[in-house]
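The values are calculated or read from the model by the stated rules, or taken from the named source; none is laboratory data. Note that this is a predicted model, so its numbers are computed, not measured. For neighbour counting, all protein chains shown are included, and Cβ atoms are generated from backbone atoms with ideal geometry for every residue, glycine included. Each accessible area value is taken on the protein alone, full model and side chains, heavy atoms only, with ligands, DNA and RNA left out. Shrake-Rupley method; radii C 1.70, N 1.55, O 1.52, S 1.80 Å.
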Amino acid sequence: MEIVRSQRKTSDSAAAAPTISLYRSAPNIEVRLDDFELFAIDRLRVLKGISDGLSRGKKPEEMEKLVSELWRTNMRLQEQSETMEKDVISHFVLRLVYCRTFFVFSEDQRKWFLSMETALFRYRFRFESPDSQNVKDKLNQVARSIGQPVVNADAIFFKVPFEEVAELVSNRRVFLFKGYAYVAMNQVVSLVATQFRSLLSKALVLTNRKWTSTIREQEKDRLTPIVEALSTSYLGPDYSQAKEFGEVSLKDIEQLANSSFPLCMRHLFEKLREEHHLKHGGRMQLGLFLKVGSERFDKEYAYSIRHNYGKEGKRTDYTPYSCQKIISSTPGVGDHHGCPYRHFSEENLRAALGKMGVGGRTMDDVMDKVRNRHYQLACTLTFESIHASSCDAGINHPNQYFTDSQKVLKTKVTIFKLLDI
Amino acid sequence: MLIDGHEPVQQQVSTIPKGFNPDHLKVYYGKLFPHADIFKWMSYGNDGKHPGCDLSYFGRREFSFTLENDIYLRFQSFNSATELEHAIREKCPFKIDIGPVYSVDPAKRHAYAQGGDNVFTPMERELIFDIDMSDYDDVRYCCSGADVCLDCWPLMTVAIKVMDRALRDDFGFDHILWVYSGRRGVHCWVCDRRARRLTNEQRAAVADYFRVYKGSENNAKKVSLTGPVLHPFLARSYTDVLEVFFEKKLLCGQQLFSTQEKYEKILAIIPDESTAAELHDRWQGNRRSSIPKGDPNIVRWEQLKHTLQSGKHKGQGLRRCIEEIVFSYTYPRLDMEVSKHMNHLLKAPFCVHPKTGRVCVPIDPDHCEDFDPTAVPALSEVSSLKTVET
Ligand SMILES: [Zn+2]
């Protein structure tokens, strides 16, 4: 991809390209520096919108509608060829932004990008592929024309090694037999999306290598500042750099838990105190929130130890879970992690909120948000109620809840060396 | 002492249980532990005897030892059966865990940490499953926590049957090892080359394929079966294993309907309140008036089924509910995290459980109903074979 300061010139071949790209190679298009940034921001708006929709638990039909709207408002330009260029350019710029795992960005954010790009691809594949009834009719016509019996197009299926359709395996949407998955025609999008994801994942590794070895230095006066700004501007504060709970004693944490922990962490901490043990999901969610390494967590906060959870790699890579991640987790039997607003039964949630001092009108408002699957708004209302203070930005991250709470309570945050944003 | 950033954790109570004795363990490692077989297994043909084999393979496998004072040594690696045997005999670990095969020798990983392309990362690992009886505490009344008896152990038998069949028939795996965990559960090692090469995402997909539990501790309904019919795998598990086991074994073995508290738990799974209330009233009345003939557990289960299937309560929702009850009480409960990540450690077969002193012996899935955890040889018995000289 060539980047120039002058006006953008459309390359000739773009008009003939298909409307949905697999982004196999960087386009040979000249891009104005302004567009370089603006396009990327527009695409981020789309990805962020998808991410919010998913974390609110929107249904597939609702998601399809949402993505189509997001695409139209943020990405569509006058000419189809322009839209396609914007699509490709913005995608490759974000690759530069999200390929970097070692410095500002954590593995989680790279995964977020991968997932959101794949989701976007999947929805676009659906609404931009030709009308399937039409294809069925034409296929039947073809069959008849060559003297073959008319087949029911729904009965067409593919046989692939199960590894290639992991996602369909995970929700049992294929028939498995002896290591092969039999995929119905209407599930094919998942096959393609899986390929897409794995190609993109590999490409990000390569881009990262290129970025660190050459681009960053070469472009230090031009692209590098833009890319770096993009990485911080749009996603809120980066909690991966937060400091540890330092020398805070267990007793202090207990106090903090009562005053400033969001319900999800309060609940985990309570269970930990009660049972002296949390299962893996809970340990991760709470441990990362507290910014306590897992050994210290075991040693000081839990008394029973399962050494099996050995994780190699830099522990500092672990970023505290965001609300989105917590909401989309899937706690199982014996688990206490997850988002109480989403994962508790109504009865248990009411009880837990009652313990936090939420009641009356607010309780009803919170439950109302929960029923409409606005879990983060429910948490925000809870915050506002118990702090008697507004929280205009809304709650997006448990650590943000904590800092905001501490700000309100005007406690000396510095003592705790905690999360100075 | 600090090893690899893991501070050794002091055991609060340092008493060594009866069935377990470090001296016996020495004898066991010296005379009985199958070092050579473990080496042969973990080499997968990369043992120098086959053409084109990768001689570095076994040496890139992580072993970790838990020593007597809970000192935890991770990233141990060995280049031969002899090295492995010497280390085990010398250190006499209370527990041996096996990790993945890494890109480079895990003992030398720091030398590669400086960057470059030769990153320290897991390359291969058996697909593993860990099923622990303590996850079944809400459906067994005979024991809880770490205890098991012959009334609850069949839950593990069912898990083995369901999983083993699906791993073979659905996923096409052949090399599957089931091992008693030494106390209250079972481990499964799927060793096919294809299984060892699964990515974390693919492992998660396999684990999720087996997942039917949606609720957490904070939600009464634990199993959620949706759709007009069950997936072929679930349907087969239900008709071939779960249903029979529930009715023939669990129902009376655990006395699932014998007390109000117990049957209320089952009734809570029924989404239709009036149906649940109807049954509840009937069973409460039972106490005073007519005592039904036969075992109350069987009678009540039949009544429940009959009520849910009767024409009065239309809709598959309620009929599906019978399946949901059976699944809730019998379907395997996996520790999902263990299966999802390549770099998860799992206790080696033939270890001795430090609490019970029992040997982690393999279980034959074709005859798993004959396996008796209370009859597994313990260290004290094994070493009383009086093998002298160490
Ligand atoms: Zn028992």
* Structure fact -> Once A:Arg222, B:Arg193, A:Arg209, A:Arg273 are ranked on solvent-accessible area with the largest value leading and a 1.4 Å probe, the list reads B:Arg193, A:Arg209, A:Arg273, A:Arg222
* To do: Ratio to report: Rg/Rh of the range B:156-229, with Cα atoms as the point set and Rh obtained by the Kirkwood method; give two decimals.
  => 1.01
* Regarding the range A:324-367, what is the average projected area of its C-alpha convex hull, in nm²? -> 3.4
* To do: Report, to the nearest whole %, how much of the accessible area of the range B:98-190 belongs to carbon and sulfur atoms, 1.4 Å probe, protein only.
  => 48
* Relative compactness, the range B:70-209, computed as alpha-carbon Rg over 2.2 N^0.38 Å -> 1.27
* Structure fact -> With every protein chain kept in place and a 1.4 Å probe, the range B:164-258 has an accessible area per residue in Å² of 37
* Mean shadow area of chain B, taken as a quarter of the surface of its Cα convex hull (nm²) -> 23.9
* To do: Please build a GNM for chain B, connecting alpha carbons under 10 Å apart, and tell me which residue among B:Ser310, B:Ser134, B:Ser339 fluctuates the most.
  => B:Ser310
* Structure fact -> Treating only Lys and Arg (+1) and Asp and Glu (-1) as charged, each at its beta carbon, one finds that the range B:318-366 has a dipole about its Cα centre, in Debye to the nearest 20, of 180
* Structure fact -> Quick calc, A:Phe158 & B:Glu68: beta-carbon distance into FRET formula, R0 41 Å, rounding 0.05, result 0.15
* **Positive-pole candidate from B:Ala146, B:Val206, B:Ile266, dipole of chain B, charges at beta carbon** => B:Ile266
* Structure fact -> Across A:328-337, the residue-averaged tally of Cβ atoms belonging to other chains within 10 Å stands at 6
* To do: Rank these residues by their accessible area, most exposed first, probe 1.4 Å: A:Thr319, A:Thr214, B:Thr82.
  => B:Thr82, A:Thr214, A:Thr319
* May I ask you to derive the relative contact order of chain B, considering only C-alpha pairs under 8 Å and at least 6 residues apart, and to give it as an integer percent? => 24
* Among B:Gly182, B:Tyr238, B:Asn21, which residue has its Cα positioned farthest towards the positive end of the charge dipole of chain B, with +1 placed on the Cβ of Lys and Arg, -1 on the Cβ of Asp and Glu, and the dipole taken about the Cα centre? -> B:Tyr238
* Structure fact -> Scalar couplings 3J(HN,Hα) for the range A:272-285 by Karplus 6.51 cos²θ - 1.76 cosθ + 1.60 (θ = phi - 60°), nearest whole Hz, x for Gly and Pro, are 5, 5, 6, 9, 6, 6, 9, 6, 3, x, x, 4, 5, 4
* To do: Determine, from the Cβ-Cβ distance of B:Asp272 and B:Asp138 and an R0 of 25 Å, the FRET efficiency 1/(1 + (r/R0)^6), rounded to the nearest 0.05.
  => 0.65
* To do: Within 10 Å of each Cβ in peptide B:170-176, how many partner chain Cβ atoms are there on average? Round it to a whole number, please.
  => 4
* Asked: At a Förster distance of 41 Å, what's the computed FRET efficiency of B:Asn79 paired with B:Lys248, Cβ-Cβ distance as r, to 0.05?
  -> 0.20
* Say the cut-off is 29 Å between C-alpha atoms; which of B:Lys26/B:Lys249; B:Lys161/B:Lys340; A:Lys65/A:Lys86 go over it? -> B:Lys26/B:Lys249
* Structure fact -> Kirkwood radius from Cα pairs of the range B:141-295 plugged into Stokes-Einstein at 20 °C, 1.002 mPa s, gives D in µm²/s equal to 115
